[in-house]
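Worksheet for the structure shown next.
The values are calculated or read from the model by the stated rules, or taken from the named source; none is laboratory data. Note that the structure is predicted; figures quoted are calculated from it, not measured. Cβ sites come from the backbone with ideal geometry, for glycine too, and all protein chains shown count toward neighbours. Quick note on the areas: whole protein, heavy atoms, side chains included, nothing else; ligands and nucleic acids left out. Shrake-Rupley method; radii C 1.70, N 1.55, O 1.52, S 1.80 Å.
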Amino acid sequence: MKTKNSPILLVVLFILAVLFTFPFVYLMGGALKTNDDALTKPAQIISGSLHFENFAAVFTEGQIDIPIQTFNSFVTTFAVTFGQILVAALAGYAFARIKFIGRDPLFLIFLATLIVPFELLFVPLYLMLAKWGWINTYAALIIPSLGNPFAIFMFRQFFITVPKELEEAMLIDGAGYLRVFWSLMLPLSGPPTISIFILTWLAEWSGLLKQMLFTTDKNMWTLQVGLNFLNRGAQVTTPTIAYLMAGIVLASIPPIVMFLFLQRRFVESVAQTGLKG
Amino acid sequence: MLTAKRLNKFRVTVTGYSFVLPAIILVSIFLLYPIGFVLYISFHEWGILGKPEFVGFDNYVRIFKDKNFWTALGNTAYYLILAVPSQIGIGLLLAFLVNKKNLFARGVFRTIFFIPMSVSFVAAGIIFSWILTATPMSGFLPNLINNLGLQFPLWQTTDPGWAMVMIVLMNTWKSAGYCMVIYLAGLQSINNDYYEAAQIDGVKNDWQMFRFITWPLLAPTTFLLIVSTTIFTVRGFEPIFVMTQGGPAGATTTLVYYIFKKFPNLMGVSSAAAIFLLLAIIMLTAVQYWGNRHSEKYY
């Protein structure tokens, strides 16, 4: 294709870049308004005076407990992410490399469950967890999410592409499958691990439905549940839109930082593991 | 010898299952069993405080007679028709724009288009609600449009048909970058020889290159994006919950939102709708694969 940068292309790119950046700019502007201005003048991007104290006010004056919710978000997000990767790597390796009886039918069942989203299963899951007394526990937010068929599928597809020679040499030398997995396969599995890490981490950090249904105690809420409450509560009682915006800024910093660090490797791993299928 | 072989096979099978065991347990308890449980609940009348009472197909009859259910089905289709092509189309456009090797500030542009993906739907929904709010105060965009002498639709009140468009705007902003990244991977896997051969064969401009080389070669990528974004869009709960709560006047109540609203008082009805939606998703995916059956993998 053509190699020079045509002016039209650059103009189109620039306009799109402005459009895509605008919500972030508006968010920052909103976080620095007074609560009154944020509510009554939503057309303004930024108001005359900047109120950086909003960020502190989120911690002290909000009706919600940001430090606890941040802690809950971190605990559940990291636990689900690492748990999913471990479970999926083990299963993916066996599905790719160990010829055990009944492997292929079992894999097909796993594949079929890929099509069933959580949004269709929350009623039975809620009833199960309520019966076990798991509502308002970390277990409810973590354990049901650990078995992810998509992650298993990704790891399997990756392990299939690893050359067999090294593994066979190790097996002939008397190493067990667990040793092969631990010292050969796991160190190689960077690409699927990065992909699953980013996708699961973001999904768990950003999730609302599960976190909202499985917790009723404010001390068990995650950041998204708290923000949603501030959004709803703010509209009917005392409007604190600027605080809400400041809270969104704070809650968005961890995923954005994580994303900036890993996006390059994510793009590479998409190309390598064929996330596209 | 034969017994040794059989013993080995046995040992391999035990090893295999021990690797898969955690996954089997988790998927069985938290995915397979709940699927059966939804089916069970769908045949019962069950409020959160009461006991389940078997009612046969009553819940199904009930949703099929419910006008709101059919509206929700229509809204889901409307949401799909708006959201899937817009994120894939804009994703493709973005991929094209940032694919050129010597592009000025290429990495910065990529990051700008990709990074909205890291913002949660709660955050994105709230930001867009305030940018787009038309009543009682005008937000940034309505203000701009109204100043141009046009009338921005009152999507929260009297123009319910526009509410879905606003949700789709937010969704596209958040999701187009993902489609861009997938398309970039697809573009990079296209062998340059095709373009050179096409040039020799007399393909002149960029549009023809796109029409006759790039687009057909990207077909597998496009297909997989259609399948995956369809499922992702159908299951969308947060965008609607945060921006409109299914309103105004039920105009953005999709099937997933309908299922959510029937919980916890009418769990049987909710579950019947969930089973219906599950079958619909399976059929939709099957139709998509069927429609794609003749296409070939080129690379």
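Observations on the model:
- In the range B:1-23, the residues that are surrounded by fewer than 18 Cβ atoms within 10 Å (Cβ to Cβ) and of a type in the set (Val, Ile, Thr): B:THR3, B:VAL12, B:THR13, B:VAL14, B:THR15
- Test for B:THR221: is it touching a Phe, Trp or Tyr at 6+ places or on another chain (Cβ under 7 Å) and either closer than 22 Å to A:ARG232 by Cβ or open to solvent by less than 30 Å² (accessible area, probe 1.4 Å) (or both): yes
Matching residues to (1) within 23 Å of A:GLN211 (Cβ to Cβ); (2) in a helix (DSSP H, G or I); (3) open to solvent by 30 Å² or more (accessible area, probe 1.4 Å); (4) facing chain A (nearest Cβ under 9 Å):
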position	(1), (2), (3), (4)
B:PRO116	yes, yes, no, yes
B:ALA123	yes, yes, no, yes
B:ILE127	yes, yes, no, yes
B:MET137	no, no, yes, yes
B:LEU141	no, yes, yes, yes
B:ASN146	no, yes, yes, no
B:PRO153	no, no, no, no
B:GLN156	no, no, yes, no
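- Counted residues, the range A:107-138 - those being within 10 Å of chain B (Cβ to nearest Cβ), open to solvent by 30 Å² or more (accessible area, probe 1.4 Å) and over 21 Å from the mean Cα position of the chain (by Cα): 4
- Residue selection: B:ARG235 fails the criterion of being surrounded by fewer than 20 Cβ atoms within 10 Å (Cβ to Cβ) and more than 10 Å from chain A (Cβ to nearest Cβ).
- Scanning the range B:141-176 for residues that are under 26 Å from the mean Cα position of the chain (by Cα), of a type in the set (Phe, Trp, Tyr) and more than 18 Å from B:THR254 (Cα to Cα) yields a total of 1.
- Selection count, the range A:13-58, where residues are in a helix (DSSP H, G or I) and surrounded by 14 or more Cβ atoms within 10 Å (Cβ to Cβ): 23
- Of the residues making up the range B:204-230, those that are away from chain A (no Cβ under 11 Å) and either free of Cβ contacts under 8 Å to residues at least 60 places away in the same chain or over 30 Å from A:LEU111 (Cα atoms) (or both) number 6.
- When restricted to residues that are touching a residue at least 12 places away in the same chain (Cβ under 8 Å), open to solvent by 60 Å² or more (accessible area, probe 1.4 Å) and under 11 Å from B:VAL269 (Cβ atoms), the range B:39-67 contains 3.
- Screening A:ALA140 against (1) over 30 Å from B:ILE48 (Cβ atoms); (2) at pLDDT 95 or above leaves a single unmet condition, (1).
- Here A:ALA94 passes the criteria (1) open to solvent by less than 40 Å² (accessible area, probe 1.4 Å); (2) modelled with pLDDT under 90 except the one numbered (2).
Let's see how each residue does on (1) closer than 29 Å to A:PRO254 by Cα; (2) of a type outside the set (A, V, I, L, M); (3) within 12 Å of chain A (Cβ to nearest Cβ):
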{"site": "B:ALA77", "(1), (2), (3)": "no, no, no"}
{"site": "B:ILE81", "(1), (2), (3)": "no, no, no"}
{"site": "B:VAL84", "(1), (2), (3)": "yes, no, no"}
{"site": "B:PHE96", "(1), (2), (3)": "no, yes, yes"}
{"site": "B:ASN99", "(1), (2), (3)": "yes, yes, yes"}
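- Matching option when the condition is of a type outside the set (Ser, Thr, Tyr), open to solvent by 40 Å² or more (accessible area, probe 1.4 Å), away from every other protein chain (no Cβ under 11 Å) and in contact (Cβ under 8 Å) with a residue 12 or more places away in the chain, among A:LEU250, A:LEU166, A:LEU184: A:LEU166
- Residue ID - nearest to B:SER189 (Cα to Cα), chosen from residues in the range A:258-267 that are within 9 Å of chain B (Cβ to nearest Cβ) and out of contact with any Gly (no Cβ under 9 Å at 6 or more places or on another chain): A:VAL267
- Tally, over the range B:187-209, of residues that are charged (D, E, K, R), part of a helix (DSSP H, G or I) and loosely packed, with under 10 Cβ neighbours inside 10 Å: 1
- Taken over the range A:94-119, the criterion of being touching a Ser or Thr at 6+ places or on another chain (Cβ under 9 Å) and over 30 Å from A:GLU168 (Cα atoms) is satisfied by A:ILE115, A:PHE118.
- Test: residue in the range A:192-199 that is surrounded by 21 or more Cβ atoms within 10 Å (Cβ to Cβ), at pLDDT 90 or above and within 30 Å of B:GLY139 (Cα to Cα): no
- Looking across the range B:158-172, the residues that are open to solvent by 50 Å² or more (accessible area, probe 1.4 Å) and within 21 Å of B:ILE81 (Cα to Cα) come down to B:ASP159, B:TRP162, B:LEU169.
- For the range A:126-174, the set of residues classified as under 27 Å from A:PRO191 (Cβ atoms), in a loop (DSSP other than H, G, I, E, B) and of a type in the set (Gly, Ala, Ser) consists of A:GLY147 only.
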